[in-house]
């Protein structure tokens with residue numbers, strides 16, 4: 001692993017540093033991809049470089065690699081649960097870069113997660129209401 005000087009931000013940047021890593025992770029955020037699909041989505045990347053960068057991402061726990069023995073071998077890459085947690089960070093970096101440098105994103109974006117609020121009963125709130133995201137679970141008071 002590259003030197004990170006005990007800084008978690010630097011360690012994260014190190015994991016994603018590489019000409020094709022960010023774009024490969026981004027494309028995998030839409031679902032599993034075969035090696036040839038990824039290669040075709042990244043014009044200009046050589047098979048050697050893409051293989052090396054995917055191996056590094058696998059070693060760092062960002063992607064999973066599934067190989068089926070056949071001729072030719074079928075290799076599929078997907079984001080690990082840890083890799084999936086990077087996607088909101090990449091979206092935030094995209095937004096920041098767009099505003100800071102005036103660059104329009106050139107890759108598709110994942111559909112935004114609905115941020116609607118739902119009303120649930122809460123015995124601890126003064127108005128007996130609390131707003132939580134739709135996926136939040138509320139356990140009844142004993």
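Couple of notes before you dig in:
- Over the stretch 1-54 - Rg/Rh using Cα atoms and the Kirkwood inverse-distance radius: 1.04
- Residue-span extension gain [residue 99 to residue 47] - 0.36 nm each, minus C-alpha spacing: 15.4 nm
- Where labels lie 7 Å past Cα in the beta-carbon direction, separation of residue 7 and residue 58 in nm: 3.1
- Considering the stretch 8-101 at the alpha-carbon level, its Rg and Dmax are found to be 13.6, 48 Å.
Read the figures in this text as sums done on the coordinates, not as results from a lab. Everything numeric in this text was worked out from a predicted model, so none of it was measured. Cβ: placed from backbone, ideal geometry, glycine included. Neighbour counts: every protein chain shown.
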